[in-house]
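Contents: one structure, followed by commentary.
Read-outs throughout are calculated quantities, based only on the coordinates presented, and are distinct from any laboratory measurement. Quick caveat: nothing in here was measured; it's all calculated off a predicted structure.
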Amino acid sequence: MTAHVKYLQKYYKQNVFVSSGRKVPRTGGIILAVCESKEKVEQIVQEDPFYIHRLAEFTITEFLTSQSHPGFKEFIKQLK
C-alpha cells in the first residue's frame, strides 16, 4: 500500500490525478485523472504497483464533461 500511495502522490504533484479513493463497498478504488490522452493514462496506470503486481484489475473510462460545478472548471484550468 505504501508504494501505491507514493505512486498516487507522484501524479498528484504532476497535476494529473484530481481525486482518488476507495469504492463503497470496498471492492476497489477510483482515480479521477486529467490527461492529454487515454493512451497516456494507460502508460501511467502501468506504473501503479497494484498493476505491476497484478493486485487489481483496471478499467479506464474516458469521458467528456458536459456539466460540472463552476469551481471545478476553474480548478481544472489551473491544472493545465
**Request:** Provide the gained length on full extension for the span Lys38 to His53, in nm with one decimal, where the gain is 0.36 nm per separating residue minus the Cα-Cα distance.
**Result:** 3.2 nm
**Prompt:** Each residue of segment 14-28 in turn: what ³J(HN,Hα) in whole Hz from Karplus with 6.51, -1.76, 1.60 and θ = phi - 60°, glycine and Pro shown as x?
**Reply:** 8, 6, 9, 8, 9, 7, 7, x, 7, 7, 10, x, 6, 10, x
**Fill in**
Between Gly29 and residues 5 or more places away or on another chain, the pairs with built amide H atoms under 5 Å apart involve Lys23
**Message:** Give the lysines reachable from Lys10 as a straight Cα distance under 17 Å; neighbours fewer than 8 places away on the same chain don't count.
**Reply:** Lys40, Lys80
**Complete:** Calculating volume of the Cα convex hull per residue in Å³ from this structure picks out, from (i) 87; (ii) 110; (iii) 184, entry (ii)
**Prompt:** So what is the calculated 222 nm ellipticity per residue for the chain, using -39500 (n - 2.57) for each DSSP H run with n of 4 or more, over all residues, to the nearest 500 deg cm²/dmol?
**Reply:** -11500 deg cm²/dmol
